[in-house]
1. What's the percent breakdown of Cα-Cα distances in region 227-309 across 5 Å bins, shortest bin first?
2. Along the three principal axes, how long is region 77-143 when you take its alpha carbons, biggest first, rounded to the nearest angstrom?
3. Over the alpha-carbon set of region 150-219, work out the extent along each principal axis and list the three values in angstrom, largest first.
4. For W16, what accessible area in Å² do you get when you roll a 1.4 Å probe over the heavy atoms of the protein chains, rounding to the nearest 10?
5. Using DSSP to define loop residues, name the GluC sites (Glu not before Pro) in region 235-271 whose beta-carbon has at most 16 other beta-carbon atoms within 10 Å.
6. Any chance you could list P(r) for the chain, counting all Cα-Cα pairs in 10 angstrom bins from zero, rounded to whole %?
7. State, to one decimal in nm², a quarter of the convex hull surface area for the C-alpha atoms of region 275-321, i.e. the direction-averaged projected area.
8. What are the semi-axes of the equivalent ellipsoid of region 198-343, taken as the square roots of 5 times the eigenvalues of the Cα gyration tensor, listed largest first and rounded to whole Å?
Amino acid sequence: MADRKWKACLIGSGNWGSAIAKIVGHNVKQSAEFEDEVNMWVFEEQVDGRNLTDIINTDHENVKYLPGIKLPENVRAVPDVVDTVRDATILIFVLPHQFVKGICSKIGGKIAPGAIAISLIKGVDEAKGGLELTSTVIERELGLDVAVLMGANIANEVAREQFCETTIGCRSDAMGPVLKRLFEAPYFRVSLTHDVYTVELCGALKNIVACAAGFADGLGYGSNTKAAIIRIGMMEMMEFARMFYEGVRDVTFFQSCGVADLITTCYGGRNRKVSEALVKSGRPLDELEAEMLGGQKLQGPPTALEVHKLLSEKNAVDRFPLFRNVHNICYNKAAGCSVLDGL
């Protein structure tokens, strides 16, 4: 890309996508290596009688998913995902993982030569013989090199410029620094590693542990119990990663994508919040998700389901009692108090 500038686009515009758009939109204007305009794909919907894309492009605010935060004027909301990626050379995927395959089918063959992707998506799918990470789906469907960004990054706090860290997993020594310059801000510190799979696994598996933390909160347990859940959850995350992937580095679990993200999610994330409400109310997860998250999606329960299927195939469910208990509460109507069974 030495002969032309990198052009970034965002595929997704929810709470997290909009917070990242603020950083990326600002950064590209500060560096001659990036084009100034950043397209952001927005699923078109009506808000108070206006198209959401029109609101973002006129008022420079995503009033539905990130209200009260101004976006840079060079971030342009686009309702067509094919138009969004046209001529882009850095594709930033930041949407619920269950929509990735459908989006890839729409943009396949319409991506600029030499483009790369980076996934900010925390989710996994079941695949024949193992677990399929979102980055792997994107690589297979689009034929792109894919990096990942994961960390202790609650979107509203990032948008308010409260200091935090994040981890980028990138196999390319050349592209890692480019991505760091695209995403890093004084309040958003970026670390680089080649350990892509572990970074992404941490981002997915921690949501299962966050559900357990939420169940404990709903039962009225205190800090000691939550600390135990976090420690046990971290050990299960590490064991799971070693079981399914080679080359896992323990040090990666102690970066922002690992222990920091796990702690943050167990105290402040959406999976924790809805899980607490599940125990207190006894209402179905899908009802609580629709009522409490304003269009956002839970990641913990579906990840617990996919992980349970994989562990069942290996006859290893009982080696991961915390993962097992979260699955049983979410899908087998087990009582919330069973979250501590067998720990």
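1. 3, 12, 19, 23, 19, 13, 7, 3, 0
2. Principal-axis extents of region 77-143 (Cα, largest first): 36, 23, 18 Å.
3. 49, 29, 11
4. 40
5. Details: sites: E236, E239, E246; in loops: E246.
Counting only loop positions with at most 16 other Cβ atoms within 10 Å, the GluC sites (Glu not before Pro) in region 235-271 are E246.
6. 6, 26, 34, 24, 9, 1, 0
7. Projected area, direction-averaged: 3.8 nm².
8. Taking √(5λ) for each Cα gyration eigenvalue gives 23, 16, 15 Å.
The values are calculated or read from the model by the stated rules, or taken from the named source; none is laboratory data. Note that the structure is a prediction, hence the values are computed from the model and not measured. Note that each Cβ is placed from the backbone with ideal geometry, even for glycine, and that neighbours are counted across all protein chains shown. Surface areas here come from the heavy atoms of the whole protein model, side chains and all, with no ligands, DNA or RNA. Shrake-Rupley method; radii C 1.70, N 1.55, O 1.52, S 1.80 Å.
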